[in-house]
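Undergrad: Sharing a structure below in structure tokens format, with a few things to ask.
The values are calculated or read from the model by the stated rules, or taken from the named source; none is laboratory data. On a predicted model such as this, the values are computed, not experimentally measured, just so you know. All Cβ positions, glycine included, derive from the backbone under ideal geometry; neighbour counts span all protein chains shown.
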Amino acid sequence: MTAKPSRFAYQVRRHLPERIIQGLLFMAAFTAVAVTIAIVVILVYESLGFFAHVSLWEFLTDTQWTPLFSDKHFGILPLVSGTLLTSAVALAVAVPLGTIIAIYLSEFASHRLREVVKPFLELLSGVPTIVYGYFALLFVTPLLQIIIPDLPGFNMLSAGLVMGIMIIPYVASVSEDAMRAVPMHIREGSYAMGATRFQTALRVVTPAAASGIVAAYILGISRAVGETMVVAIAAGTQPNLTWNPLEGAATISAYIVQVSLGDLPHGTLEYQTIFAAGLVLLLMTLFFNVIGHLMRRRYREVY
Amino acid sequence: MSDLSDTATQVSAIRAMIARHKRWDVIFSMIGLAAMLLGVITLLALFLDLVLDGYGRLNYEFFTSFPSRHAGQAGILSAWVGTTLVMLVTALAGVPLGVAAGIYLEEYAPRNWMTDLIEINVTNLAGVPSIVYGLLALGLFVYQFDLGQSILAAGLTLALLILPVVIVATREAIRAVPGSIREAAYAVGATKWQTVAHHVLPYSTAGILTGMIIGMARAIGETAPIITIGALTFIAFLPPSPVSTTPPFVSFDWLLAPFTVLPIQMFSWLSRPQVAFLENAAAAGVVIIVMTLAMNAAAIWLRYRFRKRIKW
């Protein structure tokens with residue numbers, strides 16, 4: 001008589017692979033945390049080397065950024081101003097157009113039109129940013145130079161405008177999601193009171209979706225702030241502390257690209273500047289992202 | 001009598017008011033359409049401009065020539081080969097990792113602080129600017145792991161970059177599979193992994209594939225992180241071939257070879273002053289756009305098709 005296979009062996013055969021697979025899957029999911037940690041560690045570690053030579057005070061208050069010149073200054077302000085100014089121009093384009101498109105799609109457009117436009121918007125957000133950089137430099141800037149004759153070849157206006165066009169699909173699509181999340185009975189209540197479509201859209205749906213719409217703007221800012229190739233190509237690489245969008249100025253990301261294109265030896269102070277600049281960029285986008293996601297969550301919880 | 005005439009004037013006043021308010025509906029519809037058309041027409045103008053600029057250079061030689069000092073002879077051979085190889089590494093590294101993470105978060109993850117932490121990080125990573133990934137790769141892959149400015153380093157960087165896209169798409173696809181399918185599998189004695197591998201995954205393949213294609217399309221167009229790790233812009237040779245006629249027939253030398261990719265080639269032509277090189281940049285741009293749009297369109301079509309076909 002053969003021995004009955006032990007219950008224990010069966011359990012092991014059935015459950016051990018399960019345990020191993022679960023462990024592997026967990027490790028895959030944990031890479032998300034590991035990547036975040038790695039980003040922070042690398043940026044902070046290299047920045048510490050930078051701040052050993054440059055005081056934090058100088059970094060935050062000096063109005064010149066010239067680490068590659070013999071007369072070195074390490075003030076991040078010109079790069080931050082360039083970043084914020086190009087983003088502001090982009091937002092001035094994307095907010096009105098994106099909001100109107102979102103209201104139109106959500107409240108006015110027929111179902112069929114929406115089915116066509118939504119995938120089209122998705123398609124547009126897939127266009128690589130380097131192509132938009134080409135447009136800004138060789139299409140929009142010459143066009144603007146017809147209107148403003150003394151506009152320099154590299155300027156923040158054209159970079160900002162193109163970035164604005166670039167983030168319209170994103171702003172429109174996130175705001176539209178927020179408006180569609182407003183329950184139908186709220187609209188019906190408004191119609192029952194005799195309101196027209198436009199009155200309902202403007203005075204009922206838009207306020208109800210306000211936090212979601214604002215979240216779309218803020219996430220749009222975060223995209224514009226982190227955007228690299230458009231500004232690196234069209235806005236120039238000269239750090240410039242100015243609030244005039246007609247001038248050229250480097251942004252944080254454009255500076256990182258400029259330095260990376262040269263061949264900087266590993267471990268030098270100039271090499272460490274891009275990590276310090278990157279840390280500032282990360283903190284800025286993180287700030288906007290956190291606010292954006294908090295606001296987005298708020299409108300989800302109301303209904 | 002006067003009462004009745006009053007009613008009539010009141011009615012006409014109300015009608016006028018309604019008409020006035022309704023006029024705003026029409027006006028806003030026009031504005032909305034105009035805004036959309038403005039966006040669409042601007043973009044079409046831009047694309048048309050790009051195609052017109054680059055059209056003259058799009059011939060067979062353009063795809064089979066190395067970059068050159070002479071704009072007329074320059075081509076994108078090393079760039080598209082580089083893009084293909086980098087994408088291969090990205091797909092092999094990024095997709096399994098992202099899908100596995102998605103499966104864990106959707107099917108296995110217990111409700112605890114660790115799961116919350118992972119989810120917060122996935123959302124956060126999606127918002128990190130791509131150039132920061134470049135800095136991570138420069139510090140970690142290029143110098144700490146000593147991979148150098150190689151195809152492997154670039155592929156891994158882009159794999160991390162598309163990780164959130166793949167994870168989110170996988171989770172959405174898995175979430176769409178109804179619980180009754182899982183319960184039926186458990187009821188006949190399947191283990192958790194058997195349920196996932198034999199039932200949940202086959203049903204969510206289309207969604208996962210969609211996310212994968214969108215992620216890869218994004219990776220193809222990414223320029224900033226690859227510039228940051230220090231990819232060279234002038235590469236007039238191909239990486240060593242992965243297959244050979246002599247044993248052991250396959251070689252992995254190409255993984256550590258220097259390379260260039262399409263967006264970088266375009267960027268380097270774009271930063272030259274001569275008009276002839278700008279034409280090359282436009283032609284390279286057309287190639288990149290056609291590739292990414294085709295991939296995105298395929299993904300959207302795939303999703304649409306499967307959404308229609310599946311009836312639970």
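Undergrad: Check the range A:222-239 and report whether any residue there is under 18 Å from the mean Cα position of the chain (by Cα), modelled with pLDDT of 85 or more, in a loop (DSSP other than H, G, I, E, B) and closer than 30 Å to A:Tyr104 by Cβ.
TA: Yes, there is a match, as at least one residue in the range A:222-239 is under 18 Å from the mean Cα position of the chain (by Cα), modelled with pLDDT of 85 or more, in a loop (DSSP other than H, G, I, E, B) and closer than 30 Å to A:Tyr104 by Cβ.
Undergrad: A further question follows. Identify all residues within the range B:107-116 that are without any contact (Cβ under 8 Å) to a residue 40 or more places away in the chain and assigned to a helix (DSSP H, G or I); write none if there are none. Break it down into steps so the answer makes sense when it comes.
TA: Our first condition is that a residue be without any contact (Cβ under 8 Å) to a residue 40 or more places away in the chain; within the range B:107-116, this holds for B:109-116.
Once the filter is applied, which keeps residues that are without any contact (Cβ under 8 Å) to a residue 40 or more places away in the chain and assigned to a helix (DSSP H, G or I), the range B:107-116 yields B:Trp113, B:Met114, B:Thr115, B:Asp116.
Undergrad: Just one of A:Phe275, A:Phe198 is buried (at least 17 other Cβ atoms within 10 Å of the Cβ), part of a helix (DSSP H, G or I) and free of Cβ contacts under 8 Å to residues at least 24 places away in the same chain; which is it? Even if it seems obvious, please write down each step before you answer.
TA: Details: A:Phe275 fails: free of Cβ contacts under 8 Å to residues at least 24 places away in the same chain.
Answer to the check: A:Phe198.
Undergrad: Follow-up question, since we're still on this one. Looking at (1) of a type outside the set (Val, Ile, Thr); (2) touching a Ser or Thr at 6+ places or on another chain (Cβ under 6 Å); (3) part of a helix (DSSP H, G or I); (4) at the interface with another protein chain (Cβ under 8 Å from one of its Cβ atoms), can you tell me which one A:Ser158 breaks?
TA: (4)
Undergrad: How many residues does the range B:118-132 hold that are within 8 Å of chain A (Cβ to nearest Cβ) and either in contact with a helix residue (DSSP H, G or I) (Cβ under 6 Å, 6 or more places away or on another chain) or of a type in the set (Ser, Thr, Tyr) (or both)? Can you show your working first?
TA: Going through the range B:118-132, the residues within 8 Å of chain A (Cβ to nearest Cβ) turn out to be B:118, B:121-125, B:127-132.
Subsequent filtering for residues that are either in contact with a helix residue (DSSP H, G or I) (Cβ under 6 Å, 6 or more places away or on another chain) or of a type in the set (Ser, Thr, Tyr) (or both) retains B:118, B:121-123, B:125, B:127, B:129-132.
Counting residues in the range B:118-132 that are within 8 Å of chain A (Cβ to nearest Cβ) and either in contact with a helix residue (DSSP H, G or I) (Cβ under 6 Å, 6 or more places away or on another chain) or of a type in the set (Ser, Thr, Tyr) (or both) gives 10.
Undergrad: Only one of B:Gly102, B:Gly134, B:Gly82 is closer than 30 Å to B:Gln194 by Cβ and either assigned to a helix (DSSP H, G or I) or modelled with pLDDT under 90 (or both). Can you tell me which?
TA: Numbers: B:Gly134 fails: closer than 30 Å to B:Gln194 by Cβ; B:Gly82 fails: closer than 30 Å to B:Gln194 by Cβ.
Matching residue, one of B:Gly102, B:Gly134, B:Gly82: B:Gly102.
Undergrad: Evaluate the following for A:Leu269: is it surrounded by fewer than 24 Cβ atoms within 10 Å (Cβ to Cβ), within 22 Å of A:Thr141 (Cβ to Cβ), touching a helix residue (DSSP H, G or I) at 6+ places or on another chain (Cβ under 8 Å) and more than 9 Å from every other protein chain (Cβ to nearest Cβ)? Walk me through how you get there before you give the answer.
TA: Details: surrounded by fewer than 24 Cβ atoms within 10 Å (Cβ to Cβ): yes; within 22 Å of A:Thr141 (Cβ to Cβ): no; touching a helix residue (DSSP H, G or I) at 6+ places or on another chain (Cβ under 8 Å): yes; more than 9 Å from every other protein chain (Cβ to nearest Cβ): yes.
Spelling it out, it is not the case that A:Leu269 is surrounded by fewer than 24 Cβ atoms within 10 Å (Cβ to Cβ), within 22 Å of A:Thr141 (Cβ to Cβ), touching a helix residue (DSSP H, G or I) at 6+ places or on another chain (Cβ under 8 Å) and more than 9 Å from every other protein chain (Cβ to nearest Cβ).
Undergrad: Could you check A:Ser6 against (1) in contact (Cβ under 8 Å) with a residue 40 or more places away in the chain; (2) loosely packed, with under 12 Cβ neighbours inside 10 Å and say which number it fails?
TA: For A:Ser6, the exception is condition (1).
Undergrad: Test each condition in (1) surrounded by fewer than 24 Cβ atoms within 10 Å (Cβ to Cβ); (2) among the polar types (S, T, N, Q); (3) in contact (Cβ under 8 Å) with a residue 60 or more places away in the chain for B:Thr157 and report the one that comes out false.
TA: (1)
Undergrad: Next up: Considering B:Phe267, B:Phe277, B:Phe259, which residue is touching a Ser or Thr at 6+ places or on another chain (Cβ under 8 Å) and either away from every other protein chain (no Cβ under 11 Å) or without any contact (Cβ under 8 Å) to a residue 40 or more places away in the chain (or both)?
TA: On the way: B:Phe267 fails: either away from every other protein chain (no Cβ under 11 Å) or without any contact (Cβ under 8 Å) to a residue 40 or more places away in the chain (or both); B:Phe277 fails: touching a Ser or Thr at 6+ places or on another chain (Cβ under 8 Å).
None of the others qualify; the one that does is B:Phe259.
Undergrad: Among the candidates B:Ile227, B:Ile264, B:Ile208, which residue alone is at pLDDT 85 or above, within 16 Å of the chain's Cα centre (by Cα) and in a helix (DSSP H, G or I)?
TA: On the way: B:Ile227 fails: within 16 Å of the chain's Cα centre (by Cα); B:Ile264 fails: within 16 Å of the chain's Cα centre (by Cα).
Sole residue among the options that is at pLDDT 85 or above, within 16 Å of the chain's Cα centre (by Cα) and in a helix (DSSP H, G or I): B:Ile208.
Undergrad: Also, quick follow-up: Among (1) in the same structural domain as B:Ala281 (by TED's automatic domain parsing); (2) among the hydroxyl-bearing types (Ser, Thr, Tyr); (3) under 18 Å from A:Gly98 (Cα atoms), there is one condition B:Thr42 misses while meeting the rest; what is its number?
TA: With (1) in the same structural domain as B:Ala281 (by TED's automatic domain parsing); (2) among the hydroxyl-bearing types (Ser, Thr, Tyr); (3) under 18 Å from A:Gly98 (Cα atoms) applied to B:Thr42, the lone miss is (1).
Undergrad: Follow-up. Working carefully through the options B:Ala187, B:Ala217, B:Ala153, find the one that is more than 8 Å from chain A (Cβ to nearest Cβ) and in contact with a helix residue (DSSP H, G or I) (Cβ under 7 Å, 6 or more places away or on another chain).
TA: Values: B:Ala187 fails: in contact with a helix residue (DSSP H, G or I) (Cβ under 7 Å, 6 or more places away or on another chain); B:Ala217 fails: more than 8 Å from chain A (Cβ to nearest Cβ).
Exactly one of B:Ala187, B:Ala217, B:Ala153 is more than 8 Å from chain A (Cβ to nearest Cβ) and in contact with a helix residue (DSSP H, G or I) (Cβ under 7 Å, 6 or more places away or on another chain), namely B:Ala153.
Undergrad: Ok, one more. So in the range B:50-72, with the set limited to residues that are part of a helix (DSSP H, G or I) and surrounded by 17 or more Cβ atoms within 10 Å (Cβ to Cβ), which one is farthest from the chain's Cα centre (by Cα)? Can you show your working first?
TA: In the first step, residues of the range B:50-72 are kept if they are part of a helix (DSSP H, G or I); the result is B:50-57, B:60-64, B:71-72.
Still in the list and also surrounded by 17 or more Cβ atoms within 10 Å (Cβ to Cβ): B:50, B:53-54, B:57, B:62, B:71.
On the way: B:Leu50: 21, B:Asp53: 25, B:Gly54: 23, B:Arg57: 26, B:Phe62: 25, B:Ala71: 30 Å.
Once the filter is applied, the top-ranked residue is B:Ala71.
Undergrad: Moving on. Give the range A:29-39 a look and list any residue that's without any contact (Cβ under 8 Å) to a residue 12 or more places away in the chain and either under 30 Å from A:Thr268 (Cβ atoms) or touching a Cys at 6+ places or on another chain (Cβ under 7 Å) (or both), or say none. First the steps, then the outcome.
TA: Pass one, the range A:29-39, residues without any contact (Cβ under 8 Å) to a residue 12 or more places away in the chain: A:29-38.
Once the filter is applied, which keeps residues that are without any contact (Cβ under 8 Å) to a residue 12 or more places away in the chain and either under 30 Å from A:Thr268 (Cβ atoms) or touching a Cys at 6+ places or on another chain (Cβ under 7 Å) (or both), the range A:29-39 yields A:Ala34, A:Val35, A:Thr36, A:Ile37, A:Ala38.
Undergrad: Please tell me if B:Ala91 is in a helix (DSSP H, G or I), within 30 Å of A:Ala34 (Cβ to Cβ), under 27 Å from the mean Cα position of the chain (by Cα) and assigned by TED's automatic domain parsing to the domain that holds B:Ile214.
TA: Values: in a helix (DSSP H, G or I): yes; within 30 Å of A:Ala34 (Cβ to Cβ): yes; under 27 Å from the mean Cα position of the chain (by Cα): yes; assigned by TED's automatic domain parsing to the domain that holds B:Ile214: yes.
Here the answer is yes, as B:Ala91 does meet what is asked.
Let's see how each residue does on (1) at pLDDT 90 or above; (2) within 22 Å of the chain's Cα centre (by Cα):
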{"position": "B:Asn124", "(1), (2)": "no, yes"}
{"position": "B:Phe145", "(1), (2)": "no, no"}
{"position": "B:Ile151", "(1), (2)": "no, yes"}
{"position": "B:Leu156", "(1), (2)": "yes, yes"}
{"position": "B:Leu163", "(1), (2)": "yes, yes"}
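Undergrad: Quick check on this structure: which one of B:Ile220, B:Ile167 is modelled with pLDDT of 90 or more, of a type in the set (Val, Ile, Thr) and in the same structural domain as B:Gln265 (by TED's automatic domain parsing)?
TA: On the way: B:Ile220 fails: modelled with pLDDT of 90 or more.
Residue meeting the stated conditions: B:Ile167.
Undergrad: Can you pull out every residue in the range B:2-58 that is small (Gly, Ala, Ser), under 30 Å from B:Thr292 (Cα atoms) and within 7 Å of another protein chain (Cβ to nearest Cβ)?
TA: To start, the set of residues in the range B:2-58 that are small (Gly, Ala, Ser) comprises B:2, B:5, B:8, B:12-13, B:16, B:19, B:29, B:32, B:34-35, B:39, B:45, B:54, B:56.
Next cut, under 30 Å from B:Thr292 (Cα atoms) only: B:32, B:34-35, B:39, B:45, B:54, B:56.
Listed by number, the residues that qualify are B:Gly32, B:Ala35, B:Gly39.
Listed here are the residues, each with its yes/no results for (1) under 25 Å from A:Ile20 (Cβ atoms); (2) free of Cβ contacts under 8 Å to residues at least 24 places away in the same chain; (3) of a type in the set (S, T, N, Q).
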| position | (1), (2), (3) |
| --- | --- |
| B:Pro96 | yes, yes, no |
| B:Val99 | yes, no, no |
| B:Leu105 | yes, no, no |
| B:Asn121 | yes, yes, yes |
| B:Ala137 | no, no, no |
| B:Val142 | no, no, no |
| B:Leu147 | no, no, no |
| B:Ala190 | yes, yes, no |
| B:Pro202 | yes, yes, no |
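Undergrad: Six or more apart or on different chains, Cβ under 7 Å: which pairs go from a residue in the range A:15-28 that's under 17 Å from B:Thr195 (Cα atoms) to one that's hydroxyl-bearing (Ser, Thr, Tyr) and in a helix (DSSP H, G or I)? Could you list them?
TA: A:Gln22/B:Tyr108; A:Leu25/B:Tyr104; A:Leu25/B:Tyr108
Undergrad: Follow-up question, since we're still on this one. When the range B:105-117 is examined, which residues are found to be under 14 Å from A:Val33 (Cα atoms) and more than 7 Å from every other protein chain (Cβ to nearest Cβ)?
TA: Pass one, the range B:105-117, residues under 14 Å from A:Val33 (Cα atoms): B:105, B:113-117.
Once the filter is applied, which keeps residues that are under 14 Å from A:Val33 (Cα atoms) and more than 7 Å from every other protein chain (Cβ to nearest Cβ), the range B:105-117 yields B:Trp113, B:Met114, B:Thr115, B:Asp116.
Undergrad: Give the residue, chosen from A:Ser175, A:Ser125, A:Ser106, that is out of contact with any His (no Cβ under 9 Å at 6 or more places or on another chain), away from chain B (no Cβ under 11 Å) and buried (at least 16 other Cβ atoms within 10 Å of the Cβ). Write out each step before concluding.
TA: Numbers: A:Ser125 fails: away from chain B (no Cβ under 11 Å); A:Ser106 fails: away from chain B (no Cβ under 11 Å).
Within the list A:Ser175, A:Ser125, A:Ser106, the selection yields A:Ser175.
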